Amino acid sequence: MPKHANRAERGQTLPLIAVFMTVLLGMCALAVDVGGWTQDRQSLRAATDAAALAGASALPQGWAAAQTAAANEYAQNGKPGDSVTYALSTNLTSDDSVNVTATRVSSSYFARIFGNNSATLQATARATIESFTTVASHQDIMPWGVMKNSFVPGQPYSIYTDNSSSNNGALSLPYVNNASCPVPSGANPYRDEIDGALNSCPVSTGEMLDVKPGQNAGPTRQGIDARITTWETVSQVASIDGSGNATILDPTCKQLVLIPIVEDPNGGTNWLNGSGQVRVIGFAYFVITPAPGYTQNGKTVTGIFIKTDDTSEVGDTTGSYVPGADGDTVPVLTA
């Protein structure tokens, strides 16, 4: 082959190599920048999720508190240049959800060669506050009923009184016995539910529970003395912030108990005088306080109301938020 033909072929190869290198550079640029945008988008979504959950958790205290909680949470996870909006919305019931939408401008690096200096990313999250409709006991549901009230976090309440007032008293709470849930008969099952030897069956809102009439001071004292051998202060069990939300410090503490919130059959707050039933409308956490809160004769048990974010466990179910019940709630991502 003539020498000038080889030179011509070499001359055609150089432009092809240049085009190939340009395409390869573009693909590398795209891969690097898309990876960065993907990471930024995931970070943005995580920040909106966390903010929405924080806001929904604070909804029982009002929209202002929810918006503040959401903004504070986003500030810890987002970036200073992000644009964020917060909105109140409805999911299962009126105004039960917080929507958080965030926009971020994510810079380009290699893609700038092709005139693409940045990408605008957006993420939206919605969290809904839900009330527990059924709770499963883990030796922590006590056989007492507390009449519905406007509970204030950190404040003491009588969570049990022995026939000495018309407020709160003992319940005949069905307990786990093989595959059945018999209603207790006598003092021993009541005592054993307090100390944890017996575990109560799941309790649901709307359920009617028998009250346990008569004098129950003796088994109450025996149950608590067996359950709590070392007393902790409330501040050792939980810390309560300025908004009333509690962070549980010692989840294994036996003083931390879950109490059914109840109402009388007419929807009122009068404890029955004698036998009868009360209706469960929610659940609330209390920390049993030592003497003088817990009197050694077992006639009175006092607890500090704890408002804390809960987590759904096996056997628990949640549903529409019930405002005013001050019950146990959980924020759930719903979009």
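The values are calculated or read from the model by the stated rules, or taken from the named source; none is laboratory data. All values reported here derive from a predicted model rather than from experimental measurement. Note that we place each Cβ from the backbone using ideal geometry, even for glycine, and neighbour counts take in every protein chain shown. Calculation scope for accessible area: heavy atoms of the full protein, side chains included, ligands and nucleic acids excluded. Shrake-Rupley method; radii C 1.70, N 1.55, O 1.52, S 1.80 Å.
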- Message: Would you confirm whether or not the range 228-238 contains a residue that is surrounded by fewer than 22 Cβ atoms within 10 Å (Cβ to Cβ) and in a strand (DSSP E or B)?
- Response: no
- Item | Filter result (modelled with pLDDT of 90 or more and of a type in the set (D, E, K, R)) within the range 110-132 | Arg126, Glu130
- Note on the structure: Residue count, the range 240-274, condition open to solvent by 30 Å² or more (accessible area, probe 1.4 Å), under 27 Å from Arg227 (Cα atoms) and of a type in the set (S, T, N, Q), comes to 3
- Message: Under 6 Å between Cβ atoms, which residue pairs at least 6 apart in sequence (or on different chains) link something in the range 208-226 that is under 13 Å from Ser172 (Cα atoms) and outside any helix (DSSP H, G or I) with a partner that is of a type in the set (Gly, Ala, Ser) and open to solvent by 70 Å² or more (accessible area, probe 1.4 Å)?
- Response: Pro213/Ser275
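Residues Ala50, Ala64, Ala102: which one is open to solvent by less than 60 Å² (accessible area, probe 1.4 Å), closer than 28 Å to Gly319 by Cβ and of a type in the set (Gly, Ala, Ser)?
Numbers: Ala64 fails: open to solvent by less than 60 Å² (accessible area, probe 1.4 Å); Ala102 fails: closer than 28 Å to Gly319 by Cβ.
The unique qualifying residue is Ala50.
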